[in-house]
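Bear in mind that the values in this text are calculations on the coordinates, not laboratory data. This one's a predicted model, so the numbers in the text were calculated from it and none came from an experiment. A quick note on method: Cβ atoms are made from the backbone with ideal geometry, for glycine too, and the neighbour counts reach across all protein chains shown.
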Amino acid sequence: MTIHTNIQDSGPATLAGSKPKGHENKFQTASLESAEWARLPGIRGRCPISGLSRSAVIDLGVTVPGLLVRLRKPGAIRGAVLVHLPTLREYLRQMRETQIAEEVAK
């Protein structure tokens, strides 16, 4: 499945939620509807867009290229994981279209 996103550099990236420590100047806060990025849901949390669990979003990041980005300071072990919301929305849209086409074909 190919997912194409239209990424345009128009200033700092928008982020829904809290900014990752050490990367505060790289993001602009935005609402969930208009943000380009969101932090990975917390432990036992759910994605507000898809309703998927944290581990399901991580698993999806393995199969969907460009969905997850890991931010770390140089030499750091820990970091922040961000979800690219346009890619997630496009993936969900494609899954819906595929399932509708399968239902119609029956």
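Points worth noting:
- Selection within the range 66-85 - over 21 Å from LEU32 (Cα atoms) and touching a residue at least 40 places away in the same chain (Cβ under 8 Å): LYS73, GLY79
- There is at least one residue in the range 46-64 that is among the acidic types (Asp, Glu), without any contact (Cβ under 8 Å) to a residue 40 or more places away in the chain and surrounded by 11 or more Cβ atoms within 10 Å (Cβ to Cβ).
- Any chance VAL69 is among the aliphatic types (A, V, I, L, M), surrounded by fewer than 18 Cβ atoms within 10 Å (Cβ to Cβ), on the phi < 0 side of the Ramachandran plot and out of contact with any His (no Cβ under 8 Å at 6 or more places or on another chain): no
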